[in-house]
Protein chains: 4
Amino acid sequence: MQIRIYYEDTDAGGIVYHANYLKYFERARSTWVRDLGIKQQALLEQSIAFVVIDMSIQFKGSAKLDDLVTVTCELLQAKRASMLFKQDILLDNKLLVSATVKVACVNTKYAKPMGIPTELIDAIDKKKGNA
Amino acid sequence: MQIRIYYEDTDAGGIVYHANYLKYFERARSTWVRDLGIKQQALLEQSIAFVVIDMSIQFKGSAKLDDLVTVTCELLQAKRASMLFKQDILLDNKLLVSATVKVACVNTKYAKPMGIPTELIDAIDKKKGNA
Amino acid sequence: MQIRIYYEDTDAGGIVYHANYLKYFERARSTWVRDLGIKQQALLEQSIAFVVIDMSIQFKGSAKLDDLVTVTCELLQAKRASMLFKQDILLDNKLLVSATVKVACVNTKYAKPMGIPTELIDAIDKKKGNA
Amino acid sequence: MQIRIYYEDTDAGGIVYHANYLKYFERARSTWVRDLGIKQQALLEQSIAFVVIDMSIQFKGSAKLDDLVTVTCELLQAKRASMLFKQDILLDNKLLVSATVKVACVNTKYAKPMGIPTELIDAIDKKKGNA
């Protein structure tokens, strides 16, 4: 997934504000979910949402205004109630930011953890079978 | 209401990103509502939210990192289903941003306009009586 | 220009946070500038930036998570030191947000207004000639 | 440091968007720096900025609209070119988010790492002496 850097993304240091890289990671995970045929808005209407519960991030370089960065999203492990992703942000094949992200599924009405929807588990299995 | 400018608020131009001033206006309106004794989270749980429907903004100056700006919030007019505010952002008594903001009340479940909650109308009337 | 709505764009009301529409307008203006062959990062390195000085916005509808909105950018008028744009945000041909945006050019080192760079003026004239 | 949660901070899940907690951590670090008598805007004008280079975050709970959270900032270690912080976000003494954050100093003109300014080192030492 490619993401263009706009003024909104930068800060007074002249580079992308560090917290914004987390948004790019989330955009890439959302795209990954959408590509599996899952509609997050439909899940949300059933009070189901994905939340980040653990994250480790290394910032090695910076993107600037007008840059076009690439964001990756690789599922390392899917458990009953959480998924572990490895994600990178690259600029011209140079690694800028690297992260491992653990995502859980919650019921937004009761703020309680819940199992990952079976439609997502099935879509992941089907994709693996195709690979 | 005073607001400190952090890195998150600035952009690569070295000043506050223009859309962020709208956040400060909204913080000041939220504080105004809270000071009237209204809990927005409680309203939200009843599917009631305030949304901006019309806005006119003049940007005359800029705030920078570490600046402490003052944000005002004056109710010009309260109708059955909307409120009109005059809001300014100042730095050391110098006007930076000026806006008129029209806010309506919506039912978030049906995305439909609705009358302003009577508890807010009453609180406004009571405040006027005290003034 | 098409923009996908992610979690980062929404608020607890379940819709896009109003100030974020200004980011989409700015992304569309940046894309318009880039399509004219102007590099904003290069301008920035010469201490030249575009800033919004006046804006009028009507919010008529809302976008939700996963929506794909269209953002337009039409130059109404170019003067020596400012440009006036008409911008819309649409979802499935339904108008959500409409704005007129006045943009000026500033020297970021002295925070002073300056004339629009001639390369941009020339690119606008050339585009008009082609149209 | 106490931070109020506004609409801008939340997402369609009804809770604070995860990347925004990084902003609160940065606000607390900025306040810590300011309390040491260091002016970040003055540093920035000399092309000196602090950047996050490594971060590990555990999200254990969520804040909602109108909540007033407490953000802590404890310096664990100061080296020649980096500082390590332990930071927590709490709501009513309940731990919501916990992080370790490694911050380095960079020259923004050359995007190069540099030693932490001696005025900051001295201020840290002086504070330790007072403690």
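The values are calculated or read from the model by the stated rules, or taken from the named source; none is laboratory data. On a predicted model such as this, the values are computed, not experimentally measured, just so you know. Cβ placement follows ideal geometry from the backbone for every residue including glycine, while neighbour counts extend to all protein chains displayed. For accessibility, only protein heavy atoms count, side chains too; no ligands or nucleic acids. Shrake-Rupley method; radii C 1.70, N 1.55, O 1.52, S 1.80 Å.
Quick notes
- Some residue of segment A:74-90 being open to solvent by 50 Å² or more (accessible area, probe 1.4 Å), away from chain C (no Cβ under 14 Å) and under 30 Å from C:GLY37 (Cβ atoms): no
- Filter result (open to solvent by less than 10 Å² (accessible area, probe 1.4 Å) and free of Cβ contacts under 8 Å to residues at least 40 places away in the same chain) within segment A:10-19: A:TYR17, A:ALA19
- The residues in segment B:39-50 that are at the interface with chain C (Cβ under 10 Å from one of its Cβ atoms) and assigned to a loop (DSSP other than H, G, I, E, B) can be counted, and the count is 1.
- Output for segment B:1-19, where each listed residue is within 7 Å of another protein chain (Cβ to nearest Cβ) and in a loop (DSSP other than H, G, I, E, B): B:TYR6, B:ASP11, B:ALA12, B:GLY13, B:GLY14, B:TYR17, B:HIS18, B:ALA19
- When A:GLN41, A:GLN46 are checked against the criterion of being touching an Asp or Glu at 6+ places or on another chain (Cβ under 6 Å), of a type in the set (S, T, N, Q) and either within 24 Å of D:VAL97 (Cβ to Cβ) or open to solvent by 10 Å² or more (accessible area, probe 1.4 Å) (or both), A:GLN41 stands alone in meeting it.
- In segment A:20-38, the residues that are in contact with an Asp or Glu (Cβ under 7 Å, 6 or more places away or on another chain) and outside any helix (DSSP H, G or I): A:ILE38
- Some residue of segment B:25-40 being of a type in the set (Asp, Glu) and under 22 Å from C:SER62 (Cα atoms): yes
- Total residues in segment D:111-131 satisfying the condition of being open to solvent by 50 Å² or more (accessible area, probe 1.4 Å), away from every other protein chain (no Cβ under 14 Å) and of a type outside the set (Val, Ile, Thr): the figure is 9.
- For first residues located in segment C:100-127 and farther than 22 Å from C:THR72 by Cα, partners that are open to solvent by 80 Å² or more (accessible area, probe 1.4 Å) and lie 6+ apart or on another chain with Cβ distances below 6 Å form the pairs C:VAL106/C:PRO113; C:GLY115/C:ARG80.
- Number of residues in segment B:21-38 that are over 16 Å from D:ARG4 (Cα atoms) and within 14 Å of chain A (Cβ to nearest Cβ) equals 2.
- A:ILE53 being within 25 Å of D:SER62 (Cβ to Cβ), part of a loop (DSSP other than H, G, I, E, B) and away from chain B (no Cβ under 14 Å): no
- Exactly one residue out of C:LEU65, C:LEU96 is within 14 Å of chain B (Cβ to nearest Cβ), crowded, with 19+ Cβ neighbours inside 10 Å, at pLDDT 95 or above and touching a Gly at 6+ places or on another chain (Cβ under 7 Å): that is C:LEU96.
- Verdict on C:SER56 being without any contact (Cβ under 8 Å) to a residue 12 or more places away in the chain and either hydroxyl-bearing (Ser, Thr, Tyr) or farther than 29 Å from C:TYR110 by Cβ (or both): no
- Residues of segment A:20-38 satisfying the condition of being free of Cβ contacts under 8 Å to residues at least 12 places away in the same chain and surrounded by fewer than 19 Cβ atoms within 10 Å (Cβ to Cβ): A:ARG34, A:ASP35
- Any hit, segment C:103-110, residues being within 14 Å of chain A (Cβ to nearest Cβ) and either among the aromatic types (Phe, Trp, Tyr) or under 23 Å from C:GLU8 (Cβ atoms) (or both): no
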